[in-house]
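> Below is one structure. I have some questions about it.
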Amino acid sequence: MLNKQVIEDTLNAALSTGGDFAEVFVEDRTNNGILMIGGKVESTMSGRDYGVGIRIFKGFNSVYAYTNKSDHDSLIETAKKAAAAIEGTQNIVTMNLEKSKVNNINNIIINPETIGKTKKVDIMRRAYDTAFNYSDLVTQVTVNYTDYTQNIMVANTEGLWREDTRVRSRLGISSVASKDGEMQSGFFGPGASKGYEFFENLDIGHYAKEASRIAVTMVNAKYSPSGKMPVIIDNGFGGVIFHEACGHGLEATSVAKGLSVFSGKIGQQIASPLVTAIDDGSIPGEWGSYNIDDEGTKSQRNVLIENGILKSYMVDRLNARRMNMDITGSSRRQGYRYAPTSRMSNTFIDNGKSTPEEIISNTERGIYAKHMGGGSVNPSTGEFNFAVMEGYIIENGKIKDPVRGATLIGKGTDILTKIDMVGNNLMQSQGMCGSVSGSIPANVGQPMIRVSEITVGGREGEK
């Protein structure tokens, strides 16, 4: 993507005012997207994004600049402009740039760019027809198709020089059901680090029916009761609560600044002994997986919490300096316009020993959150508020009537300690995670878990 001499000259220019580390990141990305509403293609998007980011460290401080020009003179100019923010004399670094091989964990069989839009629309239409025809109560179905190919190169003054290609594919299906002036929605968005073969092997009918089933079930449901009670959160996207309320607090981005409730707690009991939580960007084919992170470090499995004990954080190169810790292959960014920092990849609570049937039968009364929706979190405190997309009452160890309008309100640190049953049915689900380095693909996941007590927000008067 850039030749060795251009990289070396750019890195040297970046150190011209006293920086002690410099890095060049190149991105060449093609995006394809199609939006279908009401069975009609509303819009299509195809584009290419190309640019170069240059980052400089001096001690614990960093400077970042980017450009979409990659000729030698433009890169030198950009590097020198970035270096101007650092005061000092030129730091001469002997670089031994040698391009190293990147081991591929995501096997791409069919490049999506070789597939015409007609075939992609056919996939979407199958999803639309199945979802819309599920019930007369379904009034609107929206289908989103996405694929992209991202070629990257990372090189730095420590001699690292690596190139990689990332391909991701995703289908989003959203259904709305209406009855008596009320509307409820259901959504599924399966995705993977795979090519077009992902869509050919995807059970589109299953996800389309599920999106509509949730919408129809909830529009017919009564309102949820409110108060403090046990809550069972099902597997898959239920892991979004851990991701938001706890996962962000384990990223060095907040830990290094002392802004996380988990800062300085390595080795301490922060969760129930039943809880083991992992971030693993090296799972082949998963939506949040990658061969190397955006600093060129190989992806790896990071055990964050083991049997309730905080074991590690997710650490990028700059915060590794600040925290005096090893990097963990967790540095990510949306693209070349963003400086990288520590971010989650595939983050999940690991399997426990209980079966889902045992968890439900051992719950006298509570709420069963089968599918979670969106929510909000205060990252500095871990306080959260999440909507339950599909919920049910549990009475005498049995799943009873569906309920709508339930919200789960709590604090991540409290919820971790109140998990008293963990299932054996781990599942991953896909989403997009936003933070200071942009929006990135990330998996959330867990087996079914039971929290002994959460505040459930519902309709006033419902008990």
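No lab work stands behind these numbers, since they all come straight from the coordinates. Being a predicted model, the structure only gives us computed values, none of them experimental. Cβ placement follows ideal geometry from the backbone for every residue including glycine, while neighbour counts extend to all protein chains displayed.
> Would you order Trp161, Trp287 from fewest to most other beta-carbon atoms within 10 Å of each residue's own beta-carbon?
On the way: Trp161 21, Trp287 26.
Sorted ascending by nearby Cβ count, the order is Trp161, Trp287.
> Given just the C-alpha atoms of region 227-457, how large is their convex hull per residue in cubic angstrom?
It comes to 103 Å³ per residue, whole-number rounded.
> Go ahead and estimate [θ] at 222 nm for the chain from helices alone: -39,500 (n - 2.57) per DSSP H run with n ≥ 4, summed, over the residue count, rounded to 500. Write down the numbers at each step before the final one.
Working: 9 runs with 83 residues, N = 463.
Estimated from H runs of four or more residues: -5000 deg cm²/dmol.
> Based on the Cβ-Cβ distance from Asp414 to Thr165, what FRET efficiency comes out when R0 is 35 Å, to the nearest 0.05?
The computed FRET efficiency comes out at 0.25.
> Net charge near Trp161: determine it from the other residues with C-beta under 13 Å of the C-beta of Trp161, scoring Lys and Arg +1 and Asp and Glu -1.
-3
> Additional query: In terms of Cα to Cα distance under 21 Å, which lysines are near enough to Lys298, apart from those fewer than 8 places away along the same chain?
Lys99, Lys101, Lys194, Lys311
> Which residues make up the longest stretch of the chain that has no GluC sites (Glu not before Pro) in a DSSP loop with at most 11 other Cβ atoms within 10 Å? Mind showing how you got there, number by number?
Numbers: sites that count: Glu87, Glu98, Glu364, Glu460.
Longest site-free region, per DSSP loop and neighbour criteria: 99-363.
> What does the convex hull of the alpha-carbon atoms of region 394-448 project to on average, in nm²?
Averaged projected hull area, Cα only: 6.1 nm².
> Related question: Which ordering of Leu250, Leu160 is given by a fewest-first count of other beta-carbon atoms within 10 Å?
Leu160, Leu250
> Share of Cα-Cα pairs in region 98-234 beyond 24 Å, in percent?
50
> From Cα coordinates alone, what are the radius of gyration and Dmax values for region 82-145 in angstrom?
When restricted to Cα atoms, region 82-145 yields Rg and Dmax of 25.7, 73 Å.
> Within straight cross-link reach of Lys418, meaning Cα distance under 14 Å, which aspartates and glutamates are found once same-chain residues fewer than 8 apart are removed?
Here the aspartates and glutamates satisfying the reach criterion relative to Lys418 are Glu453.
> Given region 348-463, what whole percent of its Cα pairs are spread farther than 24 Å?
Of all Cα-Cα pairs in region 348-463, 28 percent lie more than 24 Å apart.
> OK, next. Would you order Val143, Val176 from fewest to most other beta-carbon atoms within 10 Å of each residue's own beta-carbon?
Ranked by crowding around the Cβ, least crowded first: Val176, Val143.
> I'd like the orientation of helix 72-83 relative to the chain: the angle between its Cα long axis and the longest Cα principal axis, in ° from 0 to 90, rounded to 10.
Computed tilt is about 80 degrees.
> To the nearest 10 degrees, how steeply does helix 4-14 sit against the main Cα axis of the chain, on a 0 to 90 scale?
With both axes taken from Cα atoms, the answer is about 90 degrees.
> Once both axes come from the Cα atoms, what is the angle between helix 204-219 and the longest principal axis of the chain, in degrees from 0 to 90, rounded to 10?
Rounded to the nearest ten degrees, it is 50.
> On to the next question. How much of the calculated P(r) for region 301-408 lies past 17 Å, in percent of all Cα pairs?
I get 71 percent for the Cα pairs in region 301-408 exceeding 17 Å.
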